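Undergrad: Here it is, the structure in full.
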């Protein structure tokens with residue numbers, strides 16, 4: 001199995017902010033992250049009709065920690081990334097970031 005790291009970002013947003021969050025994610029964040037070297041894997045959400053905040057889970061992949069360090073450097077130097085992060089930060093109530101690796105069986 002080829003080494004791979006998955007970055008799983010989970011943001012909690014109010015139901016009214018889900019559409020603007022996803023619009024920013026797909027319209028701006030995905031292109032910036034891909035330009036920086038990450039691979040977009042998927043986006044999932046919890047239901048917005050339960051009367052509570054919605055979790056938006058986004059998964060990215062890259063080869064290893066050295067690649068992640070290069071991606072972070074690219075993001076820090078990209079003015080567009082700072083704009084995206086500011087918009088998402090205002091829409092998000094809280095969040096969690098995890099780095100996961102596949103497990104061989």
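Undergrad: Can you pull out every residue in the stretch 33-48 that is farther than 15 Å from residue 8 by Cα, in contact (Cβ under 8 Å) with a residue 40 or more places away in the chain and either loosely packed, with under 15 Cβ neighbours inside 10 Å or in contact with a strand residue (DSSP E or B) (Cβ under 7 Å, 6 or more places away or on another chain) (or both)?
TA: 35
Undergrad: Quick one: count up the residues across the stretch 53-67 that are touching a residue at least 12 places away in the same chain (Cβ under 8 Å) and more than 17 Å from residue 96 (Cα to Cα).
TA: Going through the stretch 53-67 one residue at a time, the tally reaches 5.
Undergrad: Does the stretch 91-105 hold any residues that are loosely packed, with under 13 Cβ neighbours inside 10 Å and touching a residue at least 24 places away in the same chain (Cβ under 8 Å), and which are they?
TA: 93, 94, 96, 97, 98, 99, 100, 101, 102, 104
Undergrad: Quick check on this structure: which one of 88, 75 is buried (at least 18 other Cβ atoms within 10 Å of the Cβ), assigned to a helix (DSSP H, G or I) and touching a residue at least 60 places away in the same chain (Cβ under 8 Å)?
TA: 88
Undergrad: Something else about it: Would you be able to say whether some residue in the stretch 19-40 is modelled with pLDDT under 95 and outside any loop (DSSP other than H, G, I, E, B)?
TA: No: zero hits.
Undergrad: Can you tell me which condition residue 52 does not meet? The list is (1) at pLDDT below 95; (2) part of a strand (DSSP E or B), and all the others hold.
TA: The single condition residue 52 does not satisfy is (2).
The values are calculated or read from the model by the stated rules, or taken from the named source; none is laboratory data. Everything quoted here is computed from the prediction, not taken from an experiment. Cβ atoms come from the backbone with ideal geometry, glycine included; neighbour counts cover every protein chain shown.
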